[in-house]
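Working notes, beginning with the structure itself.
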């Protein structure tokens, strides 16, 4: 390949065009020199095998350089420190220490205990939807379900959950949201996180924030910035990706009626269907940024030391060298080693929760509303711009 800078589809709001752009890049080479929305250059890996190796390569690390390239370099230092001192921005041994502190909250056993409550929340949301013939499924269902679950797990009061989601949407869009909006949202969020921590310190309850506060004040020695940053990470990652998994999953099924009919007829296929929906149109475009600590060979290219690397999850999950019929939705697919939740050291800790919520949400929704269909042509739907997330702005549907 040449050194010509390729155009990555981060700002694209057309979902099929986003995939087509990634496919066009992947067809030429497994790695590409690109320009980030911040104006800086980086490397985008699009081949599946290359992406999987990169995610587990110890020469690709987290650093302040990679964190700053999400646009957080615009922030006052104390604001960024209160949001960015979490495990996704750390390497071992700090990453190991921070991950250990929250790992027990996301075990399969803990998820099984959450199942009745997730089903209850799902039922209540669907009950409220019955009165509407047409609605936005993101606003009415795909968003309130996971944000309610993660906020209850953490112990976040109900009053400001919508406001928090608005902030996180801006934060995850980064500089594409506009510098002023980004700084304002981050500053407001940090203020809110500090209020939450102080409230739990004053009156501890049986929730994850109280447990993290106890760790802050105990032998594990979480710093105050690590504490607020871990709460931020769990709140954001604990709902944003699931919102888009549910929304994109419903859209994929509604636009592939033969697959939808098969799933309705054979509901036991739901676990495999969720995995295929994650592969087909997952909630993340790329994994969080890495930095090379020494030269790394990818395909026929050597990425030099000190370069930013993005692992393209959307592109890798449709690599025809790994997946037969890669551009087709096939809920009967069982050999499905997709990378939607990453791989290696930073594999998503909340993956069991996301899978559980998606299975309950999709299974209950499809059973409850057999006439569910799009309210607008699929080509009219728009997707949120941003480097990390891959999700719909809205999903208008008719329920019957």
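Selection within the range 131-143: residues that are in contact (Cβ under 8 Å) with a residue 40 or more places away in the chain and touching a helix residue (DSSP H, G or I) at 6+ places or on another chain (Cβ under 7 Å). The member of this set that is surrounded by the most Cβ atoms within 10 Å (Cβ to Cβ) is 142. Would you say residue 138 is under 30 Å from residue 12 (Cβ atoms) and in contact with a strand residue (DSSP E or B) (Cβ under 8 Å, 6 or more places away or on another chain)? So residue 138 passes the test. The residue that is nearest to the chain's Cα centre (by Cα), counting only those in the range 346-368 that are surrounded by fewer than 18 Cβ atoms within 10 Å (Cβ to Cβ) and closer than 30 Å to residue 321 by Cα, is 351.
Just one residue in the set 97, 117, 110 is at pLDDT below 90, surrounded by fewer than 20 Cβ atoms within 10 Å (Cβ to Cβ) and under 22 Å from residue 242 (Cβ atoms); that residue is 110.
To keep it simple, each residue is scored yes or no on (1) touching a strand residue (DSSP E or B) at 6+ places or on another chain (Cβ under 8 Å); (2) in contact (Cβ under 8 Å) with a residue 40 or more places away in the chain.
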residue	(1), (2)
244	yes, yes
257	no, no
262	no, yes
272	no, yes
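The set of residues in the range 278-304 being in a helix (DSSP H, G or I) and touching a helix residue (DSSP H, G or I) at 6+ places or on another chain (Cβ under 8 Å) consists of 278, 280. Those helices (runs of 4 or more DSSP H) of the range 19-115 in which at least 3 residues are touching a residue at least 40 places away in the same chain (Cβ under 8 Å) and in contact with a strand residue (DSSP E or B) (Cβ under 8 Å, 6 or more places away or on another chain), considering only elements entirely within it, cover 48-55.
Taking residue 128 as the residue in question, decide whether it is assigned to a helix (DSSP H, G or I) and free of Cβ contacts under 8 Å to residues at least 24 places away in the same chain. Considered against the rule, which asks whether it is assigned to a helix (DSSP H, G or I) and free of Cβ contacts under 8 Å to residues at least 24 places away in the same chain, residue 128 comes out as yes.
If I go through the range 208-223 residue by residue, how many of them are within 14 Å of residue 98 (Cβ to Cβ) and either modelled with pLDDT under 85 or more than 22 Å from the chain's Cα centre (by Cα) (or both)?
Restricting attention to the range 208-223, the residues satisfying the condition of being within 14 Å of residue 98 (Cβ to Cβ) are 208, 211-212, 215-216, 220-223.
In the following step, the residues that additionally are either modelled with pLDDT under 85 or more than 22 Å from the chain's Cα centre (by Cα) (or both) were identified as 211-212, 215-216, 220-223.
Total satisfying the criteria: 8.
Every condition in (1) touching a strand residue (DSSP E or B) at 6+ places or on another chain (Cβ under 7 Å); (2) more than 25 Å from residue 36 (Cα to Cα); (3) outside any loop (DSSP other than H, G, I, E, B) is met by residue 354 except one, and the failing one is (1). When 190, 156, 197, 183 are checked against the criterion of being within 21 Å of residue 113 (Cβ to Cβ) and in contact (Cβ under 8 Å) with a residue 24 or more places away in the chain, 156 stands alone in meeting it.
Could you please find all residues in the range 293-317 being out of contact with any strand residue (DSSP E or B) (no Cβ under 6 Å at 6 or more places or on another chain), surrounded by fewer than 22 Cβ atoms within 10 Å (Cβ to Cβ) and over 18 Å from residue 34 (Cβ atoms)? Steps first, answer last, please.
Let us first name the residues in the range 293-317 that are out of contact with any strand residue (DSSP E or B) (no Cβ under 6 Å at 6 or more places or on another chain), namely 294, 297, 300, 302, 304, 306, 314-317.
Still in the running and surrounded by fewer than 22 Cβ atoms within 10 Å (Cβ to Cβ): 294, 297, 300, 302, 304, 306.
Listed by number, the residues that qualify are 294, 297.
The values are calculated or read from the model by the stated rules, or taken from the named source; none is laboratory data. Bear in mind that the values here come from a model prediction, so they are computed numbers and not experimental data. Note that each Cβ is placed from the backbone with ideal geometry, even for glycine, and that neighbours are counted across all protein chains shown.
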